Structures are given as C-alpha cells and as structure tokens.
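No lab work stands behind these numbers, since they all come straight from the coordinates. Here the structure is a predicted model, which is why all the values come from computation and not from measurement. Every residue, glycine as well, gets a Cβ built from its backbone with ideal geometry; the counts of neighbours run over all protein chains shown.
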Amino acid sequence: MSWAVDNRAVKVARMQLINKWTFLGIPAIILTGSFLLSLAVFAVIPVPDAPKYSGAGQAVMWYFFALGIQSLTLTFPFSQGMSVSRRSFFLGTVGLFAVVALVVSGLYVLLGMAEVATKGWGMNGRMFALQWIADSGVGVQFLFYFALMMLLFILGFWFATVYKRWGATGMLVLWLAVGVLLVGLVALVTWQDWWAPVGTWLAAQGPLGITGWSLLFTALLGGGAYLTLRRATP
Amino acid sequence: MSAEIIRVDGLTKHYRGSGDGAPALDGVSFSIEADKIYGLLGRNGAGKTTIMSILTAQGFATAGSVRVFGQNPYENERVLNRICFIRESQKYPDDFNANHAFKAAALFFDNWDQSLAMRLAKDFQLPLKRRIKKLSRGQLSAVGVVIGLASRAELTFFDEPYLGLDAVARQLFYDRLVEDYTEYPRTIVLSSHLIDEVANLLEHVIVIDQGRIIMDDDAESLRGSAVAVAGQAARVEVFTAGRTVIHREGFGALASVTIDGVLSAGERAEAAELGLELAPVSLQQLVVRRTIKGAVDDGSADGAARQGTKQGDTARMEATR
C-alpha cells in the first residue's frame, strides 16, 4: 500500500513543479532581485565603516508563506479533481516544500559565507550573515533557515486549511483564540513576575534552541494542518 | 448482467449552515453498473453535485453508506485512481494554463490519452497557453470536458459539462463522448438538466429532486412508460379515468392528458375509435411532469403521503418530517 500512496505523493510534487515558475522561478527572481537591490542600497549609503543591515533575505521566506496559502486554496481543489487523496496531497506538497527549503537554506549559508569572506560584499553590508546567527556553526545556520522557512510555509498552509474548512468564521475564531492565548500568557508571566526567568531562558536557548523549538512547533502545526485537511472539501 | 460498481444506501447530507432547512440529500439509495452511460438528472440544486462529490470522496455524507468498486472511497487511492470527477466549478492552480492541467492529468490518470486530449482541445478551439483563470466560461468547461474524456477513467463523472458551451461545442462533446465510449467502454455518469440534449446518449436514468430519487430506470423502458392522450376533453376524461395522471392540459373543448403506463393494443384501438391522438412522451417531458407533480403533491396535502414516486417510501418520508 505504501508504495502506491507514496508514488502518488511524488506525483503531487511533480504536479506542483509543472509550472516551474511557482516553486522555482519566482523564488529565484525574488532572491536575486532583493539581493541586487540591497547591494544597490549599500552602495548608495555613504557610510563606509558602520555595518549596513538589510532584511531582504526574508523576502523569499514571506513568499513561501503566501505559497503555503495558495497551495491549499487552489492546488488542493485541483488535486481533488485529479483523484488524489488528501494524504498524498499533504505529503507531496509539504515534502516538495521541504526539499525547496533545504536548497534555499543551503544557498543562504553559502551566501552568508561569501558575505563574510567579501567583508559584506565590499561594502560592509549584512544580509545573510546576521551577527546573531552567523556566529553559530554552519550546521546551526542551515537548520535555523530551514526551520524558519518550514514554519512560515506550514503556518500559511494551516491557516488556509482552517479557512477552507470552516470559512471566515473559523478564521475569526482561530485568530481570537490565538489572541486570547497570547494575552493570557503575557498576563500569567506578568502576575507571576516571571519576566526575568523568561528572559534568561530565552537568552539561554541560542540559535540552536530557537531552531529546535520552531521545528517542534512546525511539526505540531503540520500535524494540525493534516488533521484539518483530512475533512476539508474542495 | 454487468457488475455493480457503485452501491449507495440511505445517503443523507445536511450542509452546515442550512439550519433546519431541507437536507441536500434525503435517504438516497441506488446502484450503478459497469460500462453504461448514466444520466443523473434533476433541477439545479436537486443534489446532483452533492451525490457525485460524496461518491468521489470530495465531500462527506451526514449519514448512509457509499461503496465504489466494493470499497469506501475516502482516502482510498486504489478506488480514487480509477475515478475522474471534474466539478462544474473546478478550481485550477492560479498559474496553470490548459497545457499544465493536461500534464497534471497525465500524471494521475493511468489511461490518459494525450493525442485525444490534443484533438479535443482543437475541436473546442481551446487556447492551450492562456492562463485558465483568464478563460471564458465555455473554455473553462472545455478544459474539464477534455480532462474527463482523455482520462479514460473506469468511472467518469461529468458535472453539467456544457455550461457556457455553444450548441456546436455541445454537440461535439456528445459525439466525442459516444465515439470514445464505443471504442473504450467504461462507466459514465452525466449530470445534466438539459435532458432532451442528452436523452439519446443515456442507457439508464436517475432523476433526483429535492434530495430524493424520483426515477431510477432504464432509459428504454422510461421512453415508453407514459403516453399523452389528446382530443375532445370529455372523451379524453372517459379514456383516462382510473389511470395515474401525470399532467393535464386544456385548450377549451380540447384536452391533453399525460398518463403513466403502457397501453395495450386493445386500448390503442379504443383510443383510435374515440378519435383520440396518442403521442409518446419525451424523457424531458416525463422528468418535468414527474418533478412538478412531486412538488405540487408535496405542497398541497400538508404532509400527506406523496404519490407518484417510483420508490414510494412513504414511511421514510413521514419519518423524516
């Protein structure tokens, strides 16, 4: 059974790649475009000594958030028309995304190394080798980028699944629930006077710890997204 | 006797948010045999798409059971990969054109015939490289029709496949369907409310109205199952007395009454003697008359048992009220 199922999951991944632009072309353009633009901005800023930070490295990650939403709202109904089970759709889509995220993470690490080696592209710019993360080893950097991209994709995917299944009302309830949960946590920490220990704990996590926690959170969200998708209709 | 490939028992569907309104499907039971063309007929909103959605595990039943190829289709790839169902409101990935959609279909449908797809696309003058979201309603329907036909799935559903197609394109679809079906027999379920147009294609007819099945019979036996008697009103009344009247029309002294049932040779001779004209009733008229009769009976008698349904099922109807 697993062969047949997995084979169809692989076909789902291939289906997502039929139009090369969506998963490959557009991310490549965003990455190159934001990189070149940042270089131009670095060149324009007339301060040679201070490091210049650019958030352009995030651009691709936000595109993946949008891609997570779109995979579900349009590609899921199409896959149903192709007689694909929800399970194969989920495995194929998330699997393909994981591969793309691995490649992009590798690229970020390489670009970060190049950035350090060229002293910020000769202009003291900081785009990929952000201090906090660049001090960690290559492995941790790689994992960190991967975890971040997976988190954003799954977040978009799950929100879209909730919308698909329970409509605008479901979305509203979900946001309210998230809001209440966050406010509740803040209130709890404040009343118990836990801010100092929380701060210490966060600082102690470091990049690897944060990566670990976001991977765990992503896995939980992924499980939630799958269970929600199991009863979603196109 | 061909093999039964679909078995539906007591299928009921309530849509969320419809409150205590009528269910979309109300205890529907039927079966479908292999290698025939079925017509799933009924008005808009009668429950046709809901049935097909549940059969293909795209939708969920509130109650009742569905067996396709002997198994539950839900998340069951061994059943699903023998089925093709392109909805009337099928969605496609945002950046797909028709070529992309056909490539995807080629991945998933084992019997996919690319040359047939290309030929059909040409027949329908389908722009293959234009984004699907920019296509007209008719072209969008054509994409679905091409996928449905070229998939050659063992069990293929067409959901109002002609929306937006002009008369020529519709005829092309019917012709290609018959051609390809003759060469590669398979089970086809065609949902439609343009009954006259598809009547000649159908081997079996299932008519659904307000979530209930009101007819389920061979197209052949349905064609002879009612007769219209026309002539002088008084004579028509005499002749049709005691019969199940489906429809009655009057034009002054003349009347035309549609009755259920087959007339014997003797009865035909009697009608001729009375100067009455007997005319066959088309499938569309039959469906329209039965549907309207059902609606009238339903509304008039305050929950009294509805008559004229083939299934009868008075007890069940009472129980659900």
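Roughly how tilted is helix A:2-16, in degrees to the nearest 10 and between 0 and 90, from the longest Cα axis of chain A?
Relative to chain A, helix A:2-16 is tipped by roughly 60 degrees.
Percent relative contact order of the range A:1-137, based on C-alpha pairs within less than 8 angstrom and at least six residues apart?
That works out to 36 percent.
Starting from the range A:85-162, pick out the trypsin sites (Lys or Arg not before Pro) whose DSSP state is loop and whose Cβ has at most 13 other Cβ atoms within 10 Å.
Sparse-neighbourhood loop trypsin sites (Lys or Arg not before Pro): A:LYS119.
Which of A:ILE45, A:ILE133, A:ILE30 has the fewest other C-beta atoms within 10 Å, and how do the rest follow up to the most?
With the sparsest Cβ surroundings first, the list reads A:ILE45, A:ILE30, A:ILE133.
With labels modelled as points extended 7 Å from the Cα through the Cβ direction, what inter-label distance (nm, one decimal) is found for A:LYS119 paired with A:VAL183?
5.3 nm
Using 7 Å Cα-to-Cβ label points, what is the A:ALA168/A:TRP213 separation (nm, one decimal)?
3.6 nm
Cα gyration tensor of the range A:91-219, axes a ≥ b ≥ c as square roots of the eigenvalues: rounded (a/c below 1.5), prolate (a/b > b/c) or oblate?
Oblate shape, in that a/c is at least 1.5 and b/c is the bigger or equal ratio.
With the contact rule set at Cα under 8 Å and sequence spacing of 6 or more, what percent relative contact order holds for chain A?
Relative contact order for chain A comes out at 27 percent.
Please work out whether chain A counts as rounded, prolate or oblate from its C-alpha gyration tensor, where a ≥ b ≥ c are the square roots of the eigenvalues and a/c under 1.5 means rounded, while otherwise a/b larger than b/c means prolate and anything else oblate?
Since a/c reaches 1.5 but b/c is at least a/b, the shape of chain A is classed as oblate.
Please state the relative contact order of the range B:220-264 as a whole percent: Cα pairs under 8 Å, 6+ residues apart?
Once divided by the residue count of the range B:220-264, the mean separation gives 48 percent.
Are there any chymotrypsin sites (Phe, Trp or Tyr not before Pro) in the range A:105-213 that are in a DSSP loop and have at most 16 other Cβ atoms within 10 Å? List them by number.
Sites meeting the loop and neighbour criteria: A:TRP194.
Using a 10 Å cut-off around each Cβ, can you sort A:MET123, B:MET52, A:MET82 from fewest to most neighbouring Cβ atoms?
Ascending Cβ contact count within 10 Å gives the list A:MET123, B:MET52, A:MET82.
If you fit an axis through the alpha-carbon atoms of helix B:167-183 and take the longest principal axis of the Cα set of chain B, what angle between them do you get, 0 to 90°, nearest 10?
With both axes taken from Cα atoms, the answer is about 80 degrees.
I'd like the Kirkwood hydrodynamic radius of the protein assembly as shown, using the inverse of the mean 1/r over distinct C-alpha pairs, in Å.
27.7 Å
Rounded to the nearest 0.05, what FRET efficiency do A:TRP194 and A:ALA40 have when you use their Cβ-Cβ distance and R0 = 35 Å?
0.15
Would you list which lysines come within 27 Å of A:LYS20, measuring only between C-alpha atoms, while excluding same-chain residues fewer than 8 positions from it?
Of all the lysines, those that pass the test against A:LYS20 - Cα under 27 Å, at least 8 places apart if same chain - are A:LYS11, A:LYS164, B:LYS91, B:LYS103, B:LYS122, B:LYS129, B:LYS133, B:LYS134.
Within the range B:139-170, find all residues whose amide N lies under 11 Å from a label point positioned 7 Å from the Cα of B:ARG130 along Cα-to-beta-carbon.
It comes to B:139-140, nothing else.
Helix-only estimate, please: 222 nm mean residue ellipticity of the protein assembly as shown, summing -39500 (n - 2.57) across DSSP H runs of length 4 or more and dividing by its residues, to the nearest 500.
-17000 deg cm²/dmol
If you take the beta carbon distance between A:THR32 and B:ASN76 as r and set R0 to 45 Å, what does 1/(1 + (r/R0)^6) give as a FRET efficiency, to the nearest 0.05?
The pair A:THR32/B:ASN76 has a calculated efficiency of 0.55.
Tell me, how many Å apart are the Cα centres for the range B:205-257 and for the range A:197-234?
The range B:205-257 and the range A:197-234 have Cα centres separated by 66 Å.
If the elastic network links every pair of Cα atoms under 10 Å, which of B:PHE102, B:PHE251, B:PHE173 fluctuates the most in the Gaussian network model of chain B?
B:PHE251
Could you let me know the centre-to-centre spacing of the range A:91-161 and the range B:144-190, using Cα atoms, in angstrom?
Between the Cα centre of the range A:91-161 and that of the range B:144-190, the gap is 48 Å.
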